[in-house]
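Inspection log for the structure reproduced underneath, given as structure tokens.
Read-outs throughout are calculated quantities, based only on the coordinates presented, and are distinct from any laboratory measurement. Every value quoted in this text rests on a predicted model; they were computed, and no experiment measured them. Cβ coordinates were reconstructed from backbone atoms using ideal geometry, including for glycine residues, and neighbour counts include every protein chain displayed.
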Amino acid sequence: MKIKLNLTPWLFLAPALIYFTIMVIYPIIGSVHISFHDWNGTQFKCADGRDIKSLQENEFCRKIPDMKYVGFENYERFFKKTPKDLNKIKKYWQRVFDPGDNMIGVPVLDQGIGLISTLTDGKKTKWPRLSIETKIILNTIKWLIFFPLAIPIGLGLALFLNQIGWFVKLSKSLIFFPFVISAAVIGFVFQFFYDPNGGLLSPIYEYLGWKDGIIGDKDKATYGIIAAAWYRQIGYCLIIYLAGLTSVNSEQIEAARMDGASGWKLFRYIVLPQLWPSTFVALVVTIIGALRTDSFDMTQIMTEGGPGRGASDVMSRYMFQKTLFDQDYGYGSSISVLLFMFMLIFIIAFIIRMYYQDENLR
Amino acid sequence: MFPVPIEKATKTNRVIYYSSVALVLLLWLIPLMIITLAAFKTADQLNAGGRGFVLPDPFTLTAFKRTLTNEPFMASILNSFMVVIPVTVISISLATMAGYALSKFRFRGMIIIFAIFVGGNFIPYQVLMIPVLRLTQDIGIWNTKYAIILFHGAFQAGFCVFFMRNFISQIPNELLESARVDGATEFEIFYKIVLPLVRPAMAALAVLIFSFVWNDFFWSLILSPISPSGMLAPAGLATIIKGRFYNEYNVMAVGSILVALPPVVLFFLLQKQFISGLTMGATKG
């Protein structure tokens, strides 16, 4: 009886566990392995050491990749130009804030990481030319900073729409439903929406003098793509917060109201802390989007990393292009491993939190 | 309730509130409205500057005809159904069993195994890309729908296990114990007691998995990039429609609508299941 009870859970578990391990866990190790090698994706050798070309027509062997071990070379390659580029960026900012004896830099919100400076003599301090690796790192950082703004926007909308009645209910559904549409479709919808040739925004572009529109301009493209990606993410955050708001303790709110708390104070000290579970879930899902799905789908559809060389490219997409189109499998793997290592911080945080919240697990 | 219910506000404030909701809604839907308008326009009108908020002139269904008769694209839409259905069945059935094991039994390593399933959900696809691609090439299913089914069946199972474990732990242990005392085998307990009780969770998962897999773009590009009858609809839109009709925004608009429609219809039909599935974990604890 005792043995049977111990075996039962494993029988129920085995199919999912084995399948999941083969398809999702083991490949991580595979990618880490490839990332230490140089491989073009097309060269193979026999697992038993025979040369694949010397095989007779009726002979077969298990093919394995014919890779060259290169140690950390792929990672070094990725970060090789970082110090030089950081130096260029540093110099740029120095010129912006300390442009010389007679000139005062006037930073205007526009370019680079968000600023362009027009010097008083009319000359512009140009954003330096950076290597593609630095560009994709900076763009990924932009995603990590700006994409999560969908969370406060979603919270704002949730507070705005947390009412009853058919009209409000319908509005909630209609604001949420873009979330169920493929990011590839939303990407195209916004490509059309942003269109500078006779599109809805063209009069505005004309007024501002943006002749390439948003995603056609190398300085604005990333922001334009992130804003388009908000369209799905805000809906998601809205729903998560609406669910959170229904479970906010109403007695506490009434008690606080009795004590004279209202508006911002009530929100800040009573409601917001109780919404923390929603915030946490929204944050984790949004970070995943910034690193994995949304950044890839939207960039691939809207600009393919352009305009120009990598103006809006991100790590998740550049890795795909490097691997499949430039056939640089080892280098592509090393970028994906870097993405994974970063995500691991959030994975571990999520698991630790789950462990302490769920008494069944302890 | 926070904020204060609008019914308690003055009449003027109520009017202000409802009109601002209407305004937000209108602004929110603009991108989708202009794409819908574009679907009924001619390519000439769109290329002559009529891409904004102007009515179709002339009104035409040519774009629908051209899209619906594009065989490769329609094949990719049909294929999406052929992929989504088996993936949903595979991942939910495996996950229900695993979720039962993880919630109703205590054994060594349980926490680590659960953590693997949960953590697996957050893994960047990119780090799985090359090995999964190689695996499907090795077993000869690359560039077919089976490659996508094979991967998503496993990957979505991770999310389903997370969901199912939390759902099944709410079933009272006494219910299972009494059946055990009555001499039911473990399989009977699962089949006759647990399964009927988890049906609502299965429904919620099914709509979620349907939309997740339907909307997948990355894996379709990796695992079935060429064959139209192997790729998913969003990839069909990006490679077939965008490649063939690059100058005809009306056809691209219709293609977008067709790709968006199935999950949207499903969402409006099964809104309750969809939302309850999506918000699990955001409310408790």
Most fluctuating of B:Arg165, B:Arg66, B:Arg106 in the GNM of chain B (C-alpha, under 10 Å) is B:Arg106
What is the set of long-range amide H partners of A:Phe44 at a cut-off below 5 Å, with H atoms built 1.01 Å from backbone N?
A:Asp66
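With +1 on each Lys and Arg Cβ and -1 on each Asp and Glu Cβ, and nothing else charged, work out how big the dipole of chain A is about its Cα centre, in Debye to the nearest 20.
On the way: 37 positive and 30 negative charges, 85 e Å.
About 400 debye.
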Separation in nanometres of the label points that stand 7 Å from Cα toward Cβ, at B:Phe187 and B:Tyr18:
6.1 nm
Roughly how many whole Å is it from the C-alpha centroid of the range A:331-357 to that of the range A:169-239?
29 Å
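Return the FRET efficiency for the residue pair A:Phe60, A:Trp93: r is the Cβ-Cβ distance, R0 is 56 Å, and the value is rounded to the nearest 0.05. The partial results should precede the final answer.
Values: r = 61 Å, r/R0 = 1.09.
Approximately 0.40, to the nearest 0.05.
With +1 on the Cβ of every Lys and Arg and -1 on the Cβ of every Asp and Glu, and nothing else charged, how large is the dipole of the protein assembly as shown about its Cα centre, in debye rounded to the nearest 20?
620 debye
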Hey, got the average number of other protein chain Cβ atoms within 10 angstrom for residues in A:246-252?
2
Dipole of chain A (Lys/Arg Cβ +1, Asp/Glu Cβ -1, origin at the Cα centre): which of A:Tyr19, A:Ala229, A:Leu344 lies farthest to the positive side?
A:Leu344
Comparing A:Phe350, A:Phe20, A:Phe78, which has the greatest mean-square fluctuation in the GNM of chain A with Cα pairs linked when under 10 Å apart?
A:Phe20
When a/c is below 1.5 the answer is rounded, else prolate if a/b is larger than b/c, else oblate, so apply that to chain A with a ≥ b ≥ c taken from the square roots of the Cα gyration tensor eigenvalues.
oblate
Candidates A:Arg129, A:Arg77, A:Arg62, ranked by Gaussian network fluctuation over chain A, Cα under 10 Å, top entry:
A:Arg62
Of A:Gly289, A:Phe176, A:Met258, farthest towards positive along the dipole that unit charges on Lys, Arg, Asp, Glu beta carbons give chain A
A:Met258
How many nm is it between the label spots at B:Asp57 and B:Ala9, if each spot is 7 Å from the Cα in line with the beta carbon?
3.9 nm
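List every DSSP H helix in chain B whose Cα atoms extend 20 Å or more along the helix's own long axis and whose mean Kyte-Doolittle hydropathy is at least 0.5. Spell out each step's value before the answer.
On the way: long enough: B:11-39 (41 Å, 1.53); B:71-104 (49 Å, 1.28); B:145-168 (32 Å, 1.14); B:199-214 (22 Å, 1.71); B:249-269 (29 Å, 2.03).
Helices meeting the span and hydropathy rule in chain B are B:11-39, B:71-104, B:145-168, B:199-214, B:249-269.
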Sorting B:Gln45, B:Ile130, B:Leu94 by the position of each Cα along the dipole of chain B (Lys, Arg +1; Asp, Glu -1; all at Cβ), the one nearest the positive end of that ordering is B:Gln45
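Exposed loop sites here are chymotrypsin sites (Phe, Trp or Tyr not before Pro) in DSSP loop states with at most 14 other C-beta atoms within 10 Å. What is the longest stretch of chain B lacking them? Kindly include the intermediate steps, with their values, before the conclusion.
Working: sites that count: B:Phe53, B:Phe59, B:Tyr246.
With chymotrypsin sites (Phe, Trp or Tyr not before Pro) excluded where exposed in loops, chain B gives B:60-245 as its longest stretch.
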Modelling each spin label as a point 7 Å along the Cα-to-Cβ direction, I'd like the A:Glu304/B:Lys65 distance in nm, to one decimal.
3.1 nm
Over the range A:2-79, how many pairs of lysines fall under 28 Å by alpha carbon, counting only those 8 or more apart in sequence or from different chains?
5
Which Cys in the protein assembly as shown stand alone, with every other cysteine's Cβ at 4.7 Å or more from theirs?
A:Cys237, B:Cys160
Whole Å is fine, so just give me how far the alpha carbon centre of the range B:172-198 lies from that of the range B:122-154.
37 Å
